[in-house]
Amino acid sequence: MQTADQPNTTPVRWWRRPWIVPLAFLIVAFGTFSLPPYLSLDPSRSRVPAPSDFPLHYPLLVLHVICGSIALGCVVFQIWPWFRNHHRTAHRRIGRTYVLAGVLPGGLAGLVLAATTPFGPVIKVSSVMMALLWLGITLPGFVMARRGRFVEHRRWMIRSFALTCSIILNRFVAVAVFLGTSRSPRASPAGCPGQWRCCWPNGCWSEDPIRLTATLPDPSALRPREGVL
């Protein structure tokens, strides 16, 4: 019989978490559409016009897209409870990849791109804030894992997941803006609010599982330490 001091170890059936498959499908579809033009390293295939006075724009854009795709690919496994619980070593390794090969270089490149965007000050401010939030939310989660503080780590990484996946919602909003205004979403005044409309719903959603897990025991206190990131 389970006591108050013992965690519930009853396995959760896959159908209790049916969102994993649609999430993976969306990320694969998004990557299939977004990544190939930049793997060719051909500036003429870029979907973002480069400022004439910033020659590093395209190399940084390629870095941002590739590292962002790495982060999106990793996040599916990191947010999946079954994978996290049954493959802890892989979870740690993919987590390092998510931060060090995905968010960190992708966010820094995105920060420079945002500061030099040719789309005006409104888009510049919103893009800089998004890059800073992405870095500023993910790095504390990484530090918490290094310190073995896994409850805090889990909370920060749920928020990081929400920001990482907001780019997918952003593209749907961009298409809606384009269809509704017949203008490029980046050139439209709705382009900047559209970024925040994608960020805030994801951010608000992420707080629900954080509240639900607020009373869960620290995993490091329930089992022997297997090492941290």
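Ordering 129, 144 by the number of other Cβ atoms within 10 Å of each residue's own Cβ, fewest first, gives 129, 144. In vacuo Debye scattering of the range 42-106, one point per C-alpha: log10 I(q)/I(0) at q = 0.25 Å⁻¹? Values returned for q = 0.25 Å⁻¹ are -0.96.
For residue 143 and residue 44, the FRET efficiency from 1/(1 + (r/R0)^6), where r spans their Cβ atoms and R0 equals 30 Å, is about 0.15. Going from the residue with the fewest nearby Cβ atoms within 10 Å to the one with the most, 20, 27 rank 20, 27.
All of the numbers you see were taken from the coordinates with simple rules; none came from a lab. Note that this is a predicted model, so its numbers are computed, not measured. Note: ideal-geometry Cβ built from the backbone for every residue, glycine included; neighbour counts use all protein chains shown.
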